[in-house]
Amino acid sequence: MNNLRFVMVGHVDHGKSTLIGRLLYDTESLPPDKMEEIRTASQEQGRDVEFAYVMDHLAEERARNITIDTAQTFFRTPRREYVIIDAPGHKEFLKNMITGASQAEAAVLIVDAAEGVREQTQRHAFMIDMLGLEQLIVVVNKMDQVGYEQKRFEQVKSDLNSFLGKVNLKPTYVIPISAKNGENVSNRSDNMPWYTGVTFLEGLDSFVNLPSSLEKPLRFPVQLVHEIAGEKVLMGRVEAGRLRRGGEIVFLPSGKKAKVKNILEFGTKGKEEASAGESAGIVLDQALPVGRGEVGADPGQEPPSADRFAASVFWMSPAPFRMGEKILLRIATEEVPAEIEAIAERMDSSTLEILERDASVLNDTEAGEVTIRTARPVVVESFYKTKELGRFVLVRRNDVVAGGIIAHSVRRS
């Protein structure tokens with residue numbers, strides 16, 4: 001049975017964790033003792049049963065009633081297994097969302113029926129578009145708190161569609177739900193007879209898995225180099241394609257070539273092949289000066305190497321970026337000194353207003369179209385071709401201050 005990974009995003013307190021808890025409960029994906037733990041925790045807080053505690057299991061999170069980290073959990077329907085990436089809603093936790101969402105094949109945007117579209121809702125929608133997630137369900141939650149009124153649902157839907165149109169997002173479904181009461185989640189609601197569309201789970205089941213990375217050209221970023229039994233072993237994760245014993249491999253940006261003598265996996269002496277998504281160590285038929293940051297590829301299907309490229313970035317540090325600052329770029333397993341050479345435009349990520357062209361500064365939660373120059377060539381590729389080589393973070397004084405993607409093809413150095 002295959003699985004589908006989706007990210008759950010939305011403004012704080014709009015009900016993400018409650019919806020996830022309800023999903024796990026309705027699909028019988030909770031361990032036998034978990035429900036009792038939830039009841040106990042809820043009673044200690046003086047509340048009715050809180051499905052949010054399924055995810056917000058840390059004591060600090062229960063006390064503060066927020067989700068503070070990107071978490072993953074699993075459930076299944078008769079059709080497939082699902083992996084939920086629960087992305088935080090608070091502005092200061094957006095860097096966690098970038099890490100989580102970049103692994104997803106679909107997105108769920110949750111909106112409180114009473115509060116409607118908020119600034120964080122718009123910002124998350126912008127990032128869903130930025131990360132290329134076209135399969136999107138919008139759920140208008142807490143319909144029980146607005147008397148299940150169709151008029152209110154239609155107003156929230158209209159407001160949201162108006163903004164989503166600006167970022168070229170078209171939700172596959174917009175569904176009115178009450179996560180707390182389990183209405184239109186896995187079962188239809190008797191309180192909303194005016195809604196005749198799919199339930200939330202039916203919508204998820206209609207989504208398709210993205211094309212497998214197995215059929216793409218080989219991409220093997222080297223993470224570590226070890227010596228095992230007198231042999232040099234290059235260790236990493238196959239991000240796309242297949243590694244084959246006896247096959248030729250070229251490393252970028254150095255251009256060094258060799259044959260794969262052996263493929264090692266923890267607990268095995270050797271294997272014939274390692275595929276996309278698998279971690280492995282490889283032994284070459286000759287000693288090469290290859291280290292962390294190099295990317296193995298099929299000869300003739302190499303990714304480009306460049307020391308200058310255009311990218312979209314999301315600045316997420318209270319301290320603004322100013323032209324001339326030195327930063328570090330981390331992409332795949334590579335880390336290299338870099339600078340933002342130009343900011344073609346900076347934009348408000350919640351309103352999409354272009355604030356300035358040919359800018360010299362990026363402020364907290366602003367987005368920018370930039371040109372990045374690195375101290376040496378690095379392997380980069382369009383995010384839509386190979387995610388791991390098309391997404392990156394920027395680091396300033398050991399703090400991750402921005403995340404970004406390379407949306408366009410890159411010219412070789």
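A short reminder: the numbers here are calculations on the coordinates, not readings from a lab. Note that the coordinates shown come from a computational prediction; the quantities given were computed from them, not determined experimentally. Glycine also receives a Cβ, built like all others from the backbone with ideal geometry; neighbour counts cover every protein chain displayed.
P(r) tail for the stretch 213-297, what percent of Cα pairs lie past 21 Å?
Roughly 15 percent, rounded to a whole number.
At most 12 other Cβ atoms within 10 Å and a DSSP loop assignment: could you name the trypsin sites (Lys or Arg not before Pro) in the stretch 255-330 that fit?
Lys269, Lys326
Using 0.36 nm per residue, how much length does the chain from Ala375 to Val12 gain when fully extended, once their Cα-Cα distance is taken away?
Stretched out fully, the Ala375 to Val12 stretch lengthens by 126.7 nm.
Please work out how much length the chain gains when fully extended from Lys151 to Lys257, using 0.36 nm per residue of separation minus the C-alpha to C-alpha distance, in nm with one decimal.
Taking Lys151 through Lys257 to full extension adds about 31.7 nm, to one decimal.
What distance in nm separates the two pseudo spin-label positions at Glu115 and Glu202, each 7 Å out from Cα along the beta-carbon direction?
Distance between label points: 2.9 nm.
Below 8 Å, C-alpha to C-alpha, sequence gap of six or more: please give me the relative contact order for the stretch 181-339 in percent.
20 percent
With a point put 7 Å past each Cα toward its Cβ, work out how far His408 is from Glu265 in nm, to one decimal.
4.1 nm
Distance cut-off 26 Å, Cα to Cα: go down the list Lys256/Lys385; Lys326/Lys385; Lys216/Lys326; Lys16/Lys385 and report the pairs above it. Could you put the intermediate results ahead of the total?
On the way: Lys256/Lys385 23 Å; Lys326/Lys385 29 Å; Lys216/Lys326 35 Å; Lys16/Lys385 30 Å.
In this structure, Lys326/Lys385; Lys216/Lys326; Lys16/Lys385 lie more than 26 Å apart at Cα.
In terms of modelled amide H atoms, which long-range or inter-chain residues lie less than 5 Å from the amide H of Leu4?
Glu81, Tyr82, Val83
For Leu214 paired with Asp307, estimate the spin-label separation in nm (one decimal), with each label point 7 Å from Cα along the Cα-to-Cβ line.
Placing both labels 7 Å beyond Cα along the Cβ direction yields 4.0 nm.
Along the Cα-to-C-beta direction of Asp358, a point sits 7 Å from the Cα; which residues of the stretch 312-336 have their amide N less than 17 Å from that point?
Under cut-off, by backbone N: 323-324.
Using 1/(1 + (r/R0)^6) with R0 = 51 angstrom and r between the beta carbons of Leu288 and Glu134, what's the FRET efficiency to the nearest 0.05?
Values: r = 40 Å, r/R0 = 0.79.
Efficiency, rounded to the nearest 0.05: 0.80.
Full extension from Tyr384 to Asp159: what is 0.36 nm times the residue separation minus their Cα-Cα distance, to one decimal in nm?
78.1 nm
Let's test the formula: R0 of 45 Å, r as the Cβ-Cβ distance of Phe74 and Val336. What FRET efficiency results, to the nearest 0.05?
0.80
Using Cα-Cα distances under 8 Å and only pairs 6 or more residues apart, what relative contact order does the stretch 213-297 have, in percent?
37 percent
On average, how much area does the Cα convex hull of the stretch 305-405 cover when viewed from any direction, in nm²?
One quarter of the hull surface, i.e. the mean projection, equals 5.9 nm².
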